[in-house]
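Engineer: Below is a structure I'd like to ask you about.
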Amino acid sequence: MMKRILFLLLSISFINSYAQYTDSDIVKYVDLYKELAIRKMYEYKIPASITIAQGIFESGCGTSRLATEGNNHFGIKCHKEWTGDTILVDDD
């Protein structure tokens, strides 16, 4: 599993010049969420590397407003029928 995570880090590095986070931010994010991603991989059959990569991309390594205020690292959207808490974020 660590080999896959290291490969992921190397793969993501090359796009990092376009992002608002650093290689160090990526390493910290992976360290923080890797155990959870691995546990959920066994539960839901979604590779931990995919979960981590998507979280990095969608949340800016957990630094986006949606992640910090809404605890949402994946840009999950609600529908008009949703009655729970929401955070309005323009994604255009």
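The values are calculated or read from the model by the stated rules, or taken from the named source; none is laboratory data. Since we're looking at a predicted model, the values are computed, not measured. Cβ coordinates were reconstructed from backbone atoms using ideal geometry, including for glycine residues, and neighbour counts include every protein chain displayed. Areas reflect the complete protein model, heavy atoms only, side chains present, ligands, DNA and RNA absent. Shrake-Rupley method; radii C 1.70, N 1.55, O 1.52, S 1.80 Å.
Engineer: Somewhere in the range 24-45, is a residue touching a helix residue (DSSP H, G or I) at 6+ places or on another chain (Cβ under 6 Å), hydroxyl-bearing (Ser, Thr, Tyr) and modelled with pLDDT under 95?
Structural biologist: For the range 24-45, residues touching a helix residue (DSSP H, G or I) at 6+ places or on another chain (Cβ under 6 Å), hydroxyl-bearing (Ser, Thr, Tyr) and modelled with pLDDT under 95: absent.
Engineer: When the range 79-92 is examined, which residues are found to be of a type outside the set (Asp, Glu) and either in contact (Cβ under 8 Å) with a residue 12 or more places away in the chain or open to solvent by less than 100 Å² (accessible area, probe 1.4 Å) (or both)?
Structural biologist: 84, 86, 87, 89
Engineer: Just wondering, is there one or more residues in the range 65-78 that are surrounded by 11 or more Cβ atoms within 10 Å (Cβ to Cβ), among the β-branched types (Val, Ile, Thr) and at pLDDT 90 or above?
Structural biologist: yes
Engineer: On to the next question. Which residue is surrounded by the fewest Cβ atoms within 10 Å (Cβ to Cβ), if the candidates are limited to the range 48-63 and must be closer than 18 Å to residue 23 by Cβ and hydroxyl-bearing (Ser, Thr, Tyr)?
Structural biologist: 63
Engineer: May I pose another question? Among 75, 55, which is in contact with a His (Cβ under 8 Å, 6 or more places away or on another chain) and under 25 Å from residue 39 (Cα atoms)?
Structural biologist: Working: 75 fails: in contact with a His (Cβ under 8 Å, 6 or more places away or on another chain).
Within the list 75, 55, the selection yields 55.
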